[in-house]
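This report concerns only the one structure given below.
The values are calculated or read from the model by the stated rules, or taken from the named source; none is laboratory data. All figures in this text were calculated on a predicted structure; none of them were measured in a lab. Don't worry about glycine lacking a Cβ; one is built from the backbone with ideal geometry, like all the others, and counts go over all protein chains shown. Just so you know, the surface numbers come from the protein's heavy atoms only, side chains and all, with ligands and any DNA or RNA stripped out. Shrake-Rupley method; radii C 1.70, N 1.55, O 1.52, S 1.80 Å.
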Amino acid sequence: MASVAPEVEKKEEEEQVVNPWEVSAGKGGIDYDKLVDQFGCQRLDAALIDRIARLTGRPPHRFLRRGLFFAHRDLNEILDIYEKGDKFYLYTGRGPSSEALHLGHLVPFMFTKYLQDAFKVPLVIQLTDDEKFLWKNLTVEESKRLARENAKDIIACGFDVERTFIFSDFNFVGGAFYENMVKVARCVTYNKVVGIFGFTPEDHIGKISFPPVQAVPSFPSSFPKHFSGNDQLRCLIPCAIDQDPYFRMTRDVAPRIGYQKPALIESRFFPALQGENTKMSASDPNSAIYVTDSTKDIKTKVNKYAFSGGQDSVELHRKLGANLEVDVSIKYLNFFLEDDDELERIKKAYKEGRMLTGEVKQLLVTVLSEMVERHKRARARVTEEMVDAFMAVRPLPNMFG
């Protein structure tokens, strides 16, 4: 989603900062229990996950099974709607600030594709090229170009073109979408927006005026040609938990302007190679695996930079085993290795010292290389005409089946 600075949720004793500009943890890593308490969202429990499996008739995604998407707002209401045979739609997005996506960028799209396939529902994907122009040192033309390039990586994730609308703000904002923007803007005072997003007197008014742009895709009336006559259609937003303060604003405003509150399903953060205390950064290519990396690049990055929970010597490792809580290779396998039994076998052997760090990293290199190569092949098949088709303004089918 767009990188707007939400309210600063930092206390000295917590030693963690969580917002789209900065994710830094204390010595023990991100405390997700504290985040859930601070934000006031709900934990995603086993009963909800079982209900998703029952309603969709398919096994839950590994991100659900392993607690990687772990919190929500009103997901139970979305499932109630679906169970009654009614409709909802999905909304997610991307702030296009770089040519290539890293694996952390792919996580919400991989999960959103699962949701679209499982529930057979429409999806809108916002590319906030305007936001990146406002926050980054980019020209309008470069922001628009990056949006289109990023759209190709998103399409390569396998979305259903019949049910998916991808739009860039520079090309789409206006009409009913803009009407909803000013409705939201009138409901949020300057003091409120400063409290939520942490704006300062030095910030230009472009930043202060941006939040409604990201709020209104939550409302189907922003897309009259896509959801004609469905102004009360509910919206489900898959996102990382750092976006929660942002959509608290949207949920607060929604009933005041006659709309339904969007529901959210929220994920943990995808760690940098150097560990959870470090943020992946485009300025440091060695902090992340990119979808453009070669197998050689992946091998070098994993072997050289992936933080290890193993011991300092083989002898000590055999005796004490690995600390899985800090080991990045295990964290990455948790995201991307599909086989639950295989993952548990690796974790057990590594924790008990029967498997060495180098062996775990070798397995990770294989998993990541295969995934990145699949993505490259899929992206190579994405034509300019396909991008145009996903971005075409047209009705989206919102019936199941």
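So here's what we get for this one:
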| read-out | value |
| --- | --- |
| Those residues of segment 175-194 which are within 15 Å of Lys207 (Cβ to Cβ), β-branched (Val, Ile, Thr) and either modelled with pLDDT of 95 or more or open to solvent by less than 30 Å² (accessible area, probe 1.4 Å) (or both), in sequence order | Val188, Val193 |
| Single unsatisfied condition, Asp284 versus (1) touching a residue at least 60 places away in the same chain (Cβ under 8 Å); (2) open to solvent by 10 Å² or more (accessible area, probe 1.4 Å); (3) among the charged types (D, E, K, R); (4) closer than 30 Å to Asn323 by Cα | (1) |
| Condition met for Arg318 (modelled with pLDDT of 95 or more and either of a type outside the set (A, V, I, L, M, F, W, C) or not assigned by the TED database to the domain that holds Val107 (or both)) | no |
| Any hit, segment 109-118, residues being of a type in the set (A, V, I, L, M, F, W, C), within 18 Å of Gln214 (Cβ to Cβ), at pLDDT 95 or above and surrounded by fewer than 24 Cβ atoms within 10 Å (Cβ to Cβ) | yes |
| Lone qualifier among Pro245, Pro271, Pro262 - being within 28 Å of Lys113 (Cα to Cα) and in contact with a strand residue (DSSP E or B) (Cβ under 6 Å, 6 or more places away or on another chain) | Pro262 |
| Cβ-Cβ under 7 Å pairs, at least 6 apart or on other chains, segment 342-365 side assigned by the TED database to the domain that holds Tyr305, far side assigned to a helix (DSSP H, G or I) and hydroxyl-bearing (Ser, Thr, Tyr) | Val360/Ser329; Val360/Tyr350; Lys361/Ser329; Leu364/Ser329; Leu364/Tyr332 |
| Residue tally, condition open to solvent by 30 Å² or more (accessible area, probe 1.4 Å), closer than 25 Å to Leu35 by Cβ and β-branched (Val, Ile, Thr), over segment 254-281 | 1 |
| Test: residue in segment 198-206 that is part of a helix (DSSP H, G or I), open to solvent by 40 Å² or more (accessible area, probe 1.4 Å), within 16 Å of Asp130 (Cα to Cα) and among the β-branched types (Val, Ile, Thr) | yes |
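Yes/no per residue for (1) touching a residue at least 24 places away in the same chain (Cβ under 8 Å); (2) in a helix (DSSP H, G or I):
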position	(1), (2)
Asn150	yes, yes
Ile154	yes, yes
Phe159	yes, no
Asn171	yes, yes
Tyr178	no, yes
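The rows are residues; the columns are (1) buried (at least 18 other Cβ atoms within 10 Å of the Cβ); (2) of a type in the set (A, V, I, L, M).
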site: Leu324; (1), (2): no, yes
site: Ile330; (1), (2): yes, yes
site: Lys348; (1), (2): no, no
site: Gly353; (1), (2): yes, no
site: Lys361; (1), (2): yes, no
site: Arg381; (1), (2): no, no
site: Glu384; (1), (2): no, no
